[in-house]
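Presented below is the structure to which this report refers.
The values are calculated or read from the model by the stated rules, or taken from the named source; none is laboratory data. Everything numeric in this text was worked out from a predicted model, so none of it was measured. Reconstructed Cβ throughout: ideal geometry from the backbone, glycine too, with neighbour counts over all protein chains shown.
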Amino acid sequence: MKEIKVVSAKALHIANRFNFFVFAFVLSLVIHLFFLFRIHSLPFPVLYGPLLYGMFLEIRESKHRQWLFIHFLPFVLFLIWNIRLNFEFYWPYFEWYLPAMAISVSSYPIFALVKLTDKSVNAYDPRVILLKQMSGYGVAIAALIGLLMASQLILLTLDINPLHLVGLAMFFAAMLLIHFLYAHHDVSTKLSQHGITVTCATWHNNELIQLYENRLNEAMARQLFLNARLTVDDLAEATDIPKAHLADYFRIYQGQSFYQWLAQYRIQHAQQLLGLTSKLLKIEVVAKESGFQSKTSFNKYFKDALGMSPSAYRQEMWSN
């Protein structure tokens with residue numbers, strides 16, 4: 001193993017923020033499990049969804065992170081209300097809490113699972129894998145909570161207490177999160193201690209990194225990025241770089257996913273097309289000619305990169 005100082009401060013900051021949400025999730029699960037069979041009305045179920053969403057925002061490096069606190073307000077409000085009730089049963093509380101819980105425990109995991117199927121997401125990223133697993137657990141726990149509510153509301157007799165199944169699912173979810181934190185502990189420790197130092201695999205050396213950069217630059221000079229169906233496998237074949245090395249390269253040296261890296265070249269090409277005054281191209285045409293599969297993904301990447309929509313960018317270019 002060889003240490004090299006190449007990881008950006010931005011990548012370090014993002015990794016630490018993601019791990020913060022993972023740790024908060026573990027802590028919440030542990031506290032919830034402790035009280036699960038004692039105080040049934042603790043509003044932890046409405047907390048897990050926002051934590052999942054926070055992990056999702058860190059993976060996507062979204063600019064909407066500053067509004068994340070709004071998603072935690074239901075948990076805070078229900079917790080304060082519960083404390084004021086001294087954790088005693090009060091039906092008007094449950095008239096509001098149960099629908100909010102049902103929406104939270106089902107919508108956030110489903111949202112994450114749907115969004116993580118986007119091709120712009122690096123499916124090999126350990127964070128993505130973890131979030132998919134946690135979202136799957138979320139859907140399962142939502143179903144168990146629904147069964148628990150049904151058994152209490154319609155006096156359904158079950159051989160197994162659904163609450164025990166919920167507790168078991170929460171326990172395994174906590175173990176999964178703890179395993180993730182443990183697996184990334186060594187790297188996180190070195191990142192924290194040395195700022196931009198990371199322990200890398202044996203293939204990493206300056207000469208090979210430079211060779212890979214040259215090959216990637218040559219591939220982009222041939223405008224491979226205009227192929228809307230370009231994948232990591234295609235790029236690996238075109239550059240004669242092992243796929244595993246490419247995954248490490250984008251994750252460690254670029255601090256982004258393959259599709260985020262690819263979008264930079266496509267956006268630069270789109271800027272040239274949008275600046276043409278000889279003919280007015282529709283946004284859909286610009287997106288297609290730049291290698292994007294859809295106008296939606298084009299608008300998202302373009303706005304993330306330049307802070308404005310393609311239409312607004314064109315108007316600004318032409319006004320100047």
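Within segment 193-213, take every residue that is assigned to a helix (DSSP H, G or I) and surrounded by fewer than 11 Cβ atoms within 10 Å (Cβ to Cβ) and give me the one that is modelled with the lowest pLDDT.
Residue satisfying both the conditions and the ranking: Q193.
Tally the residues that are touching a Lys or Arg at 6+ places or on another chain (Cβ under 7 Å) and in contact (Cβ under 8 Å) with a residue 40 or more places away in the chain, restricting the search to segment 56-114. Lay out the reasoning, then the answer.
First pass over segment 56-114, keeping only residues touching a Lys or Arg at 6+ places or on another chain (Cβ under 7 Å): 56-59, 113.
Subsequent filtering for residues that are in contact (Cβ under 8 Å) with a residue 40 or more places away in the chain retains 56, 58-59.
The number of residues fulfilling the criteria is 3.
Residues in segment 226-262 that are within 26 Å of V285 (Cβ to Cβ) and among the β-branched types (V, I, T): how many?
1
Kindly indicate whether R60 is over 23 Å from K300 (Cβ atoms) and either surrounded by 14 or more Cβ atoms within 10 Å (Cβ to Cβ) or not assigned by TED's automatic domain parsing to the domain that holds R266 (or both).
When the stated conditions are applied, R60 does not pass them.
Suppose the filter is surrounded by 13 or more Cβ atoms within 10 Å (Cβ to Cβ), more than 27 Å from V128 (Cβ to Cβ), of a type in the set (A, V, I, L, M, F, W, C) and out of contact with any Phe, Trp or Tyr (no Cβ under 8 Å at 6 or more places or on another chain); does L281 pass it?
It is true that L281 is surrounded by 13 or more Cβ atoms within 10 Å (Cβ to Cβ), more than 27 Å from V128 (Cβ to Cβ), of a type in the set (A, V, I, L, M, F, W, C) and out of contact with any Phe, Trp or Tyr (no Cβ under 8 Å at 6 or more places or on another chain).
Are any residues in segment 224-264 in a loop (DSSP other than H, G, I, E, B) and more than 20 Å from Q210 (Cα to Cα), and if so, which ones?
Of everything in segment 224-264, those that are in a loop (DSSP other than H, G, I, E, B) and more than 20 Å from Q210 (Cα to Cα) turn out to be N227, A228, R229, L230, T231.
Listed here are the residues, each with its yes/no results for (1) farther than 27 Å from L168 by Cα; (2) of a type outside the set (S, T, N, Q); (3) at pLDDT 90 or above.
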| site | (1), (2), (3) |
| --- | --- |
| K5 | yes, yes, no |
| A15 | yes, yes, no |
| V26 | no, yes, yes |
| V46 | no, yes, yes |
| L51 | no, yes, yes |
| F56 | no, yes, yes |
| I70 | yes, yes, yes |
| W96 | no, yes, yes |
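Pairs, please: C-beta under 6 Å, at least 6 apart or cross-chain, first residue in contact (Cβ under 8 Å) with a residue 40 or more places away in the chain and among the polar types (S, T, N, Q) and in segment 248-274, second buried (at least 19 other Cβ atoms within 10 Å of the Cβ) and not in a helix (DSSP H, G or I)?
Partner pairs satisfying both residue conditions: S257/N122.
Got a sec? Which of A270, A238 is touching a Pro at 6+ places or on another chain (Cβ under 8 Å), surrounded by 13 or more Cβ atoms within 10 Å (Cβ to Cβ) and within 29 Å of K115 (Cβ to Cβ)? Spell out the reasoning first.
Details: A238 fails: touching a Pro at 6+ places or on another chain (Cβ under 8 Å).
One residue alone meets the criteria, A270.
Filter segment 295-318 for residues that are within 17 Å of V285 (Cβ to Cβ) and either touching a strand residue (DSSP E or B) at 6+ places or on another chain (Cβ under 7 Å) or not in a helix (DSSP H, G or I) (or both) and give the result.
Across segment 295-318, the qualifying residue is only S309.
Which condition does G255 not pass, out of (1) among the small types (G, A, S); (2) over 24 Å from K115 (Cβ atoms); (3) under 27 Å from the mean Cα position of the chain (by Cα), if it passes all the others?
Among (1) among the small types (G, A, S); (2) over 24 Å from K115 (Cβ atoms); (3) under 27 Å from the mean Cα position of the chain (by Cα), the lone unmet condition for G255 is (2).
Can you say whether A183 is small (G, A, S), modelled with pLDDT of 60 or more and exposed (fewer than 15 other Cβ atoms within 10 Å of the Cβ), as far as the supplied structure shows?
Working: small (G, A, S): yes; modelled with pLDDT of 60 or more: yes; exposed (fewer than 15 other Cβ atoms within 10 Å of the Cβ): yes.
It is true that A183 is small (G, A, S), modelled with pLDDT of 60 or more and exposed (fewer than 15 other Cβ atoms within 10 Å of the Cβ).
Which residues, counting only those in segment 284-294, are assigned to a loop (DSSP other than H, G, I, E, B) and either free of Cβ contacts under 8 Å to residues at least 40 places away in the same chain or surrounded by 22 or more Cβ atoms within 10 Å (Cβ to Cβ) (or both)?
S290, G291, F292, S294
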